[in-house]
Structure formats: C-alpha cells, structure tokens
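Chemist: Quick one: the structure is below, and I'll ask about it shortly.
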Amino acid sequence: MLSTVKKKPTSLSPDLLTEDQHLAIDRLYGHDETFLIADMGAGKTIIALTALQELIQDGILNTVVVFAPLKVCEEQWRQEAAAWKHIILDVTFCTGTPAERVAIVEGCTRGVLLVNFDIMAWFCDTFPKFGDGLLIDELSKLKAGGKGFKRLRRTLDHYKWRAGMTGTPVAEDFEGLFYQVLAIDCGKALGRNKTKYLERHFSPDYNGYDWTLHDGEGIVRAVHHLIHTVPDYTHELPPLNVMPLVVEMNEAGRKAYDAFAKDLTIELGGHTQVADSPAVLSGKLQQLASGAIYVYDEWEEKIGVERLHNVKVEKCQQLVATLNEPVVIAYWYQHELERLVEAFPEAVNLSESGAMQRWNNGEIDILLVQPQSCSHGIQLQFGGCKLIFVGLVWSNDISTQMVRRLWRRGQTEPVDVWEIVSKGTVDEDMIDRVAGKKHWNAALHKMLAPAP
C-alpha cells in the first residue's frame, strides 16, 4: 500500500487566522461569559489560545483552567500552542500521580492549566479556588450527571471569566443544552433546575420519561446573548461521501441473532446469555451483528468471547485491498479490534504514543481508532481521506466528530466514508437513529441566524 505524505506546517503565522476567527477572539476577549459554537476544524483551540494570551498579557486574567477530554489536553492544546508563532503563553498539563498533579498546579502561577475531564472531581475538591478563568473545551462532552460536573458546579461562581466551546451543542437533543449553558452563566439564562427547564420548553410523554421539544425558540432567545457562532466553512472543503456497505451474516450468525432477538436468551460457550433489559439486548445484538459476543457466567463475570461470523472484517479487508491508499478503520468493541489486528497485522492503533503524528506524516497505512475515545480534538486530515466504520455508533455526536477528524480544514482530497452494515440487524436502526438526529444542530443554527 502506498502512503502519500502530507506534512502539517510546524510554525504557523498569525496572518493565517481568518476574519471569522478574529471575530471569535474578540468575543472571548470582550465578554465574561461566552458559548462558542464552531464547527470541527474551525480552529477553536487557536482561537481560544490567542484570546487567553491577550487576556493574560493585558492583566484581565491571571490563570485560566481549561477542562477538556484527555487526548485534547495531551495533544491538541499543546501542539497548537507550539505550532503558532505568536503564542508564547505558558500551557501546563496537569498529569501524573495525585502528588505530582499537586506540584504541577502549585507551580502554575500564570498562564493556562489543562485538566482532563477524568480528574475534574479531584481538581475541584483539591483546588476549589484556583485560577480566575474557566474554559471548557468540547463542552457537549461534559457529563452533567458525573461527579466531576457536580464538583465543578460548586466552584463556578469563583471564576470571573467563563467560556465553553463545542462544534455539536445539540447533536443528540436540546435537553443537553441546559447543563452546557449552566456551566457558562451559573444558571442565569435557563435556571439551575433541569426539571423546571424541561417543563418550560418540552412536553412530557404519558409517564414523564421522554420529553418532546416545543419551545426551541424560547431556549434560543434566553441564551442568544451568550452564543457566538463561527460561520460554517464546510462549503470550502472537498466533497464528503458517506456510503453504506451491506453484508449478510452467515447461517450461524443469523440463527444466533434471530434467536436472541426473539427469546432474549441464548446458549453460548456452555453458558446461558440473557438480556434483562432493552439496553442490554441492544448492546448484545450490536455485538452479534458485528460477529462476536462477550460470554458471561452465572455470576455475571466475563469469561470469554464467542465468535460467530467475520463478514464485516472480511468485507473491510476486501475494501482496503481495492483502495491502495491510507485508511482509518473505526471499531467499537474490543473483540472487533482483536479481529482487525488479526486481519491487518501491520495496522497501528491511534492509542499508541505518537500515532497521530505518524499518520499525518504519511508513515501509517492503516490506522485503527475507537471513536468514543478519539472523536474530539484529534486531527487526521493530513494522513488520508478514507474512513471505514466496522463498528457502528449510536451517538450522532460521536459519529459526526469521528468523520470530522478527516473532513476538516487542511484536507485536500474528497473524503469517502463507508459504514459496514449487517443486513436485517440493529445496525440498520443505528444508521437511521443517527440520521434522524442530524437535524438538531441545523435547527439550532437556523434559530440563531439573524432575520433576513
């Protein structure tokens, strides 16, 4: 397989910043509360770095805490800071053992401190009044029900400057907008009670579990003053082609799938597998559609993997052989990864140290990725333009973000995406559900657009 080297520039001039990016920088500099919505690849990180540098140099802020997913902290922020000539800001990553992290925080007296979401609770408990600015990168990924956000809520009032950034604020629904806005304005626009927010702007079903949006315009009116949107630039990009690739399971796979879907139970590996809830059933059917399933004993201990078919991986092999160029392959389950490694022993996993840089340097022909762990903050546009989903994704946010690792600024070739779908399975429901959610972000942008 031949790799085309498309190296990323290593020293970028501020002259490359666009007018839209300068407007976003001005917004962050001039307002204490900002919800920055910018499409994937629009340059959110360099926008934020430039604004924070100016705020700190001018004495408006002293130290800004940036919460973000782990890989965004590890790679995106520090790489962007190093890549642009005008950024001389100190960017410190809080990592290591608790004792090492304490020393790092105490040594960060001015500049930006990067803290990943996984240790947010620890940080807020240990340093509840550290810094005077707060920025949450990939705001839509912040889990409102998690202990990290619960701790952060107690400290929000401490920060005199707060901002959040995301490219997909309502990728799943408008309900999730509540906590994103709360993190920025401490509840002034939408209140501090989620139930009251739902009662004002949504209609419940008969049991009060599912809510249907009926007042999106009211939500947008309430938060409009917080939001700054960087205009969509995707019309400037090469074409994006998303194509389903349907495969038929073999007889053993079909028989096992249909039996489990009907009876909610199946015998595998000498053990009875049971789906005791719709969520468990969906997950197990998704595994079967992909070719294998985890087997548990009667004490619910995982004891192995039962393989039933390999049609998805085989179809992936056939497709890769025809491409003759670098390709990203997305998997969801560990047993999918294991079979892909067997099929492509030369493949490199994105989780390996330095894999992203090697891919972008044209040194890797097959890159294996887990979308949930790498969909935000990862740039893969310089290493190739082909993506294959062997493992499909329920989440529109994760699916869209994964595609946008390739289809973003810097990509010079049409991007082709294949979704390998097992016919007559939950795979088809997953494709339909993601497609059905794609209108939410478009609806929000339409509501935010000024009247003609």
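Throughout, read-outs are computed from the coordinates displayed, never taken from laboratory work. Note that the structure is a prediction, hence the values are computed from the model and not measured. Neighbour counts run over all protein chains shown; Cβ positions are idealised from the backbone, glycine included.
Chemist: List the residues, sorted by chain then number, that are 5 or more residues from Glu33 or on another chain and whose placed amide H is less than 5 Å from its amide H.
Modeler: When sequence neighbours closer than 5 places are left aside, the close amide H contacts are Arg162.
Chemist: Moving on to the next point. If you put +1 on each Lys and Arg Cβ and -1 on each Asp and Glu Cβ, how big is the dipole of the chain around its Cα centre, in Debye rounded to 20? Walk me through the numbers before you get to the answer.
Modeler: Values: 46 positive and 60 negative charges, 194 e Å.
Roughly 920 debye for the chain.
Chemist: Given all pairs of different Cα atoms, what value in angstroms does the Kirkwood hydrodynamic radius of the stretch 79-169 take? Before the final figure, lay out each step's value.
Modeler: Details: mean 1/r = 0.0705 Å⁻¹.
The Cα-based Kirkwood calculation yields 14.2 Å.
Chemist: Now, a different point. Express as a percent, rounded to the nearest 5, the fraction of DSSP beta bridges in the stretch 14-234 (both residues included) that run antiparallel.
Modeler: 10 percent
Chemist: Additional query: Over 26 Å between C-alpha atoms is what I'm after, so list which of Lys85/Lys141; Lys262/Lys423; Lys141/Lys196 land there. Each step should come with its number before you reach the end.
Modeler: Values: Lys85/Lys141 30 Å; Lys262/Lys423 17 Å; Lys141/Lys196 23 Å.
The pairs that break the limit, which is 26 Å between Cα atoms, are Lys85/Lys141.
Chemist: Extending each Cα 7 Å along its Cβ direction at Asp58 and Leu264, get the distance between those two points in nm, one decimal.
Modeler: Here the answer is 6.1 nm between the modelled labels.
Chemist: Quick check: net charge around Cys73, other residues with Cβ under 11 Å of its Cβ, Lys/Arg +1 and Asp/Glu -1?
Modeler: Values: positive: Lys71, Arg78; negative: Glu74, Glu75, Asp118, Asp137, Glu138.
Surrounding charge for Cys73 is -3.
Chemist: Lys and Arg at +1, Asp and Glu at -1: add these up for the other residues within a Cβ distance under 9 Å of Ile293 and post the number. Could you put the intermediate results ahead of the total?
Modeler: Details: positive: Lys284, Arg307; negative: Glu306.
Once positives and negatives cancel, what remains is +1.
Chemist: Additional query: When a footprinting reagent is the concern and you count Cβ atoms within 10 Å, what order do His225, His201 take, fewest first? Can you show the working numbers first?
Modeler: Values: His225 14, His201 21.
The order, fewest Cβ neighbours first, is His225, His201.
Chemist: What's the local net charge at His22, with K and R +1, D and E -1, over the other residues with C-beta under 15 Å away?
Modeler: Numbers: positive: Arg27, Lys44; negative: Asp15, Glu19, Asp20, Asp26, Glu54.
With Lys, Arg at +1 and Asp, Glu at -1, the neighbours total -3.
Chemist: Further question on the same structure: What range in the chain is the longest one free of GluC sites (Glu not before Pro) that are in a loop by DSSP and have at most 14 other Cβ atoms within 10 angstrom?
Modeler: On the way: sites that count: Glu248, Glu298, Glu300, Glu301, Glu346, Glu352.
That would be 1-247.
Chemist: Further, regarding this structure: Just how large is the dipole of the stretch 14-234 about the Cα centre, in debye to the nearest 20, putting +1 at every Lys and Arg Cβ and -1 at every Asp and Glu Cβ? Show your work: numbers first, answer last.
Modeler: Values: 23 positive and 31 negative charges, 181 e Å.
Here the stretch 14-234 has a charge dipole of around 880 debye.
Chemist: Would you kindly derive the ³J(HN,Hα) couplings of the stretch 193-198 from the backbone phi angles with the Karplus curve 6.51 cos²θ - 1.76 cosθ + 1.60 (θ = phi - 60°), listing them in order in whole Hz, with x for Gly and Pro?
Modeler: Going residue by residue, I get 10, 5, 5, 5, 4, 5 Hz, with x marking Gly and Pro.
Chemist: Of (i) -0.39, -1.14, -1.29; (ii) -0.45, -1.15, -1.31; (iii) -0.30, -0.96, -1.16, which is the value of log10 I(q)/I(0) by the Debye sum over Cα atoms at q = 0.07, 0.12, 0.13 Å⁻¹ derived from the coordinates here?
Modeler: (i)
Chemist: Continuing with this model, one more query. Report, by chain and number, residues whose modeled amide H sits under 5 Å from the one on Gly111, excluding near sequence neighbours (fewer than 5 apart, same chain).
Modeler: Sorted by chain and number, the residues that satisfy this are Thr63, Val64.
Chemist: Next question. Roughly how far apart, in whole Å, are the Cα centres of the stretch 133-202 and the stretch 390-413?
Modeler: Value for the Cα centre distance between the two parts: 24 Å.
Chemist: Helix 439-448 against the longest principal axis of the chain: what's the angle in degrees, Cα atoms only, rounded to the nearest 10?
Modeler: 20 degrees
Chemist: Whole Å is fine, so just give me how far the alpha carbon centre of the stretch 347-382 lies from that of the stretch 243-301.
Modeler: 30 Å
Chemist: Where both residues lie in the chain, what percent of DSSP beta bridges are antiparallel, nearest 5? Each step should come with its number before you reach the end.
Modeler: Numbers: 12 of 61 bridges.
Taking every DSSP beta bridge within the chain, about 20 percent pair in antiparallel fashion.
Chemist: Explain nothing, just compute: Karplus ³J(HN,Hα) = 6.51 cos²θ - 1.76 cosθ + 1.60, θ = phi - 60°, for every residue of the stretch 308-316 in order, whole Hz, x for Gly and Pro.
Modeler: 10, 7, 9, 5, 5, 5, 5, 5, 4
Chemist: How large is ³J(HN,Hα), in whole Hz, for each residue of the stretch 48-58 in order, when computed from phi with the Karplus curve 6.51 cos²θ - 1.76 cosθ + 1.60 and θ = phi - 60°, using x for Gly and Pro?
Modeler: Listing the rounded values in order: 5, 4, 5, 5, 5, 4, 5, 5, 6, 4, 7 Hz.
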